[in-house]
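Below: the structure, in C-alpha cells.
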Amino acid sequence: MQPMYMGRTVKTYPVSESEMQTISSLNTQITVRFSVATLLFGLASSIWINAIFNATMTPAGTVATYYVAPILLGFAIGYGVSGYFARRNSAAEWERIKTESVPVQAMAASVPMIATGRAS
C-alpha cells in the first residue's frame, strides 16, 4: 500500500550498543540530577517562605533559615550545573553520531499489504 500524494523520509542512524548505553546513562543522569536540584531548591525555598510568615522563630527555625537553606540551595545549584553538563555531553554524543553517519540511498522493495486470498 503506497500513498499517492504524500511521503516521508525517515533518518536513521547506526548506533552501537556502547553508544546507546552511554546516551541512555546520560539521559538518566540528566533526569535524576535535575529532579534532585528541583527537590533541594523547593526545600530551601519552603524554609525561607515559612520564615517569612513566622513572627517568632524557634532555635531550630533560625538554624534552618540561616544555615540549612543556603546549603540546600548550594547543593541545588551544584546538581543543576551537573545536570546541564550531562545534557551537554548527551547532545555532543548525538552530534558526533550524526556527523559520523553517512547517508545511504536505498529503496525497500514494494510488497503488497493486502492479502489476495491465495495461500502462499
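Here are a few things to note about the model shown:
- A probe of 1.4 angstrom, applied to the heavy atoms of all protein chains, finds Val10 with accessible area near 90 square angstrom.
- Ordered by 1.4 Å accessible area with all protein chains kept, Lys98, Lys11 run largest first as Lys11, Lys98.
- Accessible-area value, Tyr66, 1.4 Å probe, nucleic acids and ligands omitted, Å²: 150
- Between Ala55 and Val32, the contour length at 0.36 nm per residue exceeds the alpha carbon distance by 4.6 nm.
- Rounded accessible area of Ser82 (nearest 10 Å², 1.4 Å probe): 30
The values are calculated or read from the model by the stated rules, or taken from the named source; none is laboratory data. Predicted model, so just to flag it, every value in this text is computed and none were measured. Note: areas computed on protein heavy atoms with side chains; ligands, DNA, RNA excluded. Shrake-Rupley method; radii C 1.70, N 1.55, O 1.52, S 1.80 Å.
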